[in-house]
């Protein structure tokens, strides 16, 4: 059985190599090896969203993901997509935990006020992407964690960059949104009618 070794590769390379393997031989069984939890979750989500059975095990600090050639029932909860027909096909791209430049303290207050005000709107964005220090908004101690939970409950898709969580060592503290990867994020950016960068 073919093994694709993706250890040491940055996002989105493990997902791209998985996609290539699925395209080259759609009915073959194969294994993918990654070395971090974000890559594991991204590959599993991608494989399952393509209707494949998959499982994983940890061996000597690496994650070995087995992909079955047979199709499984697709799990719609793993799919990342935007409905292009909706009027609110707007995406918020937040790459920092503060709004504007200047005072860090003021910037954090402004970001908190912005997210809070967003929850009071009737017309919400379809998705919010959190990248770089913006992922700090998704953790347990975030001043906007309740607001993000409110937005999720109202149907806003919140994607949190897995590479960024790893970089800031916040994987275990992430509480809002779903961990995502550059492959899904670029798909959303190109599908959106409008992208607002904060």
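Every number in this text was worked out from the coordinates using simple rules, so none of it is lab data. Since this is a predicted model, take the numbers as computed values, not measurements. A quick note on method: Cβ atoms are made from the backbone with ideal geometry, for glycine too, and the neighbour counts reach across all protein chains shown.
When DSSP assigns beta bridges and you keep just the ones with both residues in the stretch 105-198, what percent turn out antiparallel, to the nearest 5?
Numbers: 1 of 8 bridges.
Antiparallel bridges: around 10 percent, rounded to the nearest 5.
Determine the calculated [θ] at 222 nm for the chain from helices alone, applying -39500 (n - 2.57) to every DSSP H run no shorter than 4 residues and normalising by the residue count; nearest 500 deg cm²/dmol.
On the way: 6 runs with 66 residues, N = 198.
My calculation for the chain gives -10000 deg cm²/dmol from helical runs alone.
Counting other C-beta atoms within 10 Å, which of 179, 47 has the fewest, and how do the rest follow?
Details: 179 23, 47 26.
So the residues, fewest neighbours to most, are 179, 47.
Got a sec? How would 139, 32 order by Cβ neighbour count within 10 Å, fewest to most?
Numbers: 139 19, 32 26.
By the 10 Å Cβ count, ascending: 139, 32.
Using 0.36 nm per residue, how much length does the chain from residue 2 to residue 57 gain when fully extended, once their Cα-Cα distance is taken away? Intermediate values should be presented prior to the final figure.
Details: separation 55, 0.36 × 55 = 19.80 nm, distance 1.66 nm.
Gain on stretching residue 2 to residue 57: 18.1 nm.
Would you please give the FRET efficiency between residue 13 and residue 66, computed as 1/(1 + (r/R0)^6) with r the Cβ-Cβ distance and R0 = 22 Å, to the nearest 0.05?
Step by step, r from the Cβ atoms, then E = 0.70.
Between Rg and the Kirkwood Rh of the stretch 90-197, both from Cα atoms, what is the Rg to Rh ratio? Kindly include the intermediate steps, with their values, before the conclusion.
Working: Rg = 12.9 Å, Rh = 13.8 Å.
Ratio of gyration radius to Kirkwood radius for the stretch 90-197: 0.93.
For a bin width of 5 Å, list the pair-distance distribution of the chain built from all Cα-Cα distances, rounded to whole %.
1, 8, 15, 18, 18, 15, 11, 8, 4, 2, 1, 0
For the pair residue 23/residue 186, report the inter-label distance in nm, with labels modelled 7 Å from Cα in the Cβ direction.
Each label point lies 7 Å from its Cα, and together they span 1.1 nm.
Using only the alpha carbons of the stretch 93-150, what is the convex hull's orientation-averaged projected area in square nanometres? Mind dumping the intermediate values first?
Details: hull surface 15.5 nm².
Reported value for the Cα convex hull: 3.9 nm².
Would you calculate the separation in nanometres between label points at residue 114 and residue 194, each defined as 7 Å from the Cα along the Cα-to-beta-carbon direction?
Taking the simple label geometry, residue 114 and residue 194 are separated by 1.6 nm.
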